[in-house]
Amino acid sequence: MIPYGRHKIYPEDIDAVTAVLKDSLLTQGEQVPQFERAVCEYTGAKHGVACNSGTSGLHLACLALGVKEGDIVWTVPNSFAASANCARYCGADIDFVDIDPQTRNLCLNHLSQKLNEAAKHNMLPKALVVVHFAGHSCDMASVAEITKPFGIALIEDAAHALGGKDALGNAVGKCTYSLMTVLSFHPVKSITSAEGGMVLTNDANLATLLRRYSTHGITRDESLFDTENRDQPWFYTQLELGYNYRLSYLHAALGRSQRMRLDRFVSAS
């Protein structure tokens, strides 16, 4: 039997997780921030927001863009359901752009034709979720050039593509042409944290929204408080309806340990 995927766990990975279990902090420590920094250093992105799955990451990306009922989001039809469901979670409609039969990535000609037709009927999408099929980067430079006149936000679904590069040598996840890139650390991906994901962005405002939506919509930023308790050290406030999408410290420790062998995994694949 050929397995769907087979992860590789090293003794160092087990040691990293065990160390967290032996620590006095199982949460509210440095494991998640360190994992976020490690992935940002590898990809070149300025901000990383870890979450509990790639699916959660896609949902967070749509929330940060303000995708809502009445909006339209496009993606490709040959991806996991999460690439489309992220828009449906926000109440938006979904439509699909056909793929190139050679690359299995989004077809640039079909994208251009579909955009021109949608513009005629005032049916342009608010966002386009570009999937990098089987780890091979889509031609993001061309996608950005085609979509820019229409003002469409680009989200890269790079669940399978961490460790890859585009045709111009840009690391997948650098967000050279997109607002956000979503990663997955499921066991069949480039590295695993058992379950987990991350949204990368170069936009500080988007990073703030992503982090807030992933933690119940709650903030401790005093500049955003408007009550008499704002100077109390225990005070926090909820600004919007958020979710508990945080990545656990056990998962973060495993992911950071695995990140150290990412290039080895890519070379062997």
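For (1) over 30 Å from residue 15 (Cα atoms); (2) at pLDDT 95 or above; (3) in a loop (DSSP other than H, G, I, E, B), each residue gets a yes or a no:
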site: 144; (1), (2), (3): yes, yes, no
site: 156; (1), (2), (3): yes, yes, no
site: 159; (1), (2), (3): no, yes, yes
site: 188; (1), (2), (3): no, no, yes
site: 191; (1), (2), (3): no, yes, yes
site: 200; (1), (2), (3): no, yes, no
site: 205; (1), (2), (3): yes, yes, no
site: 208; (1), (2), (3): yes, yes, no
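Which count do you get for residues in region 20-39 that are farther than 16 Å from residue 192 by Cα and buried (at least 19 other Cβ atoms within 10 Å of the Cβ)?
1
Just checking, does region 114-124 include any residue being under 18 Å from the mean Cα position of the chain (by Cα) and buried (at least 19 other Cβ atoms within 10 Å of the Cβ)?
No: region 114-124 contains no residue that is under 18 Å from the mean Cα position of the chain (by Cα) and buried (at least 19 other Cβ atoms within 10 Å of the Cβ).
Report every pair of residues separated by at least 6 positions or lying on different chains whose Cβ atoms are under 7 Å apart, first residue within region 219-247 and at pLDDT 80 or above, second of a type in the set (Phe, Trp, Tyr) and not in a loop (DSSP other than H, G, I, E, B).
242/213; 243/213
Residues of region 125-149 being under 11 Å from residue 74 (Cβ atoms) and open to solvent by 30 Å² or more (accessible area, probe 1.4 Å), which ones?
126
Let's see how each residue does on (1) free of Cβ contacts under 8 Å to residues at least 60 places away in the same chain; (2) more than 26 Å from residue 17 (Cβ to Cβ); (3) touching a Phe, Trp or Tyr at 6+ places or on another chain (Cβ under 6 Å):
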| residue | (1), (2), (3) |
| --- | --- |
| 98 | yes, yes, no |
| 107 | yes, yes, no |
| 110 | yes, yes, no |
| 151 | yes, yes, no |
| 168 | yes, yes, no |
| 174 | no, yes, no |
| 193 | no, no, yes |
| 196 | no, no, yes |
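Here are some residues: 65, 25, 58, 21. Which one is aliphatic (A, V, I, L, M), within 24 Å of residue 240 (Cα to Cα) and out of contact with any Cys (no Cβ under 6 Å at 6 or more places or on another chain)?
65
Can you tell which of 163, 169 is under 30 Å from residue 8 (Cα atoms), more than 14 Å from the chain's Cα centre (by Cα) and surrounded by fewer than 21 Cβ atoms within 10 Å (Cβ to Cβ)?
169
Out of (1) of a type in the set (Val, Ile, Thr); (2) surrounded by fewer than 19 Cβ atoms within 10 Å (Cβ to Cβ); (3) in contact (Cβ under 8 Å) with a residue 12 or more places away in the chain, the odd one out for residue 208 is which?
(3)
Please go through region 83-99 and pick out each residue that is in a loop (DSSP other than H, G, I, E, B) and farther than 12 Å from residue 111 by Cα.
Selection gives 90, 91, 92.
Could you tell me which residue of region 12-34 is nearest to residue 131 (Cα to Cα), considering only residues that are part of a helix (DSSP H, G or I) and either among the acidic types (Asp, Glu) or touching a strand residue (DSSP E or B) at 6+ places or on another chain (Cβ under 6 Å) (or both)?
32
What are the residues in region 116-154 that are polar (S, T, N, Q) and within 18 Å of residue 180 (Cβ to Cβ), if any?
Across region 116-154, the qualifying residues are 137, 147.
Would you tally the residues in region 67-82 being part of a loop (DSSP other than H, G, I, E, B) and open to solvent by less than 30 Å² (accessible area, probe 1.4 Å)?
3
The values are calculated or read from the model by the stated rules, or taken from the named source; none is laboratory data. What you see is a predicted model, and the numbers here were worked out from it, not measured in a lab. When we count neighbours, we look across all protein chains shown, and the Cβ atoms used for this are built from the backbone with ideal geometry, even at glycine. Ligands, DNA and RNA are stripped out before the accessible areas are found, and what is left, the full protein with its side chains, is counted by its heavy atoms. Shrake-Rupley method; radii C 1.70, N 1.55, O 1.52, S 1.80 Å.
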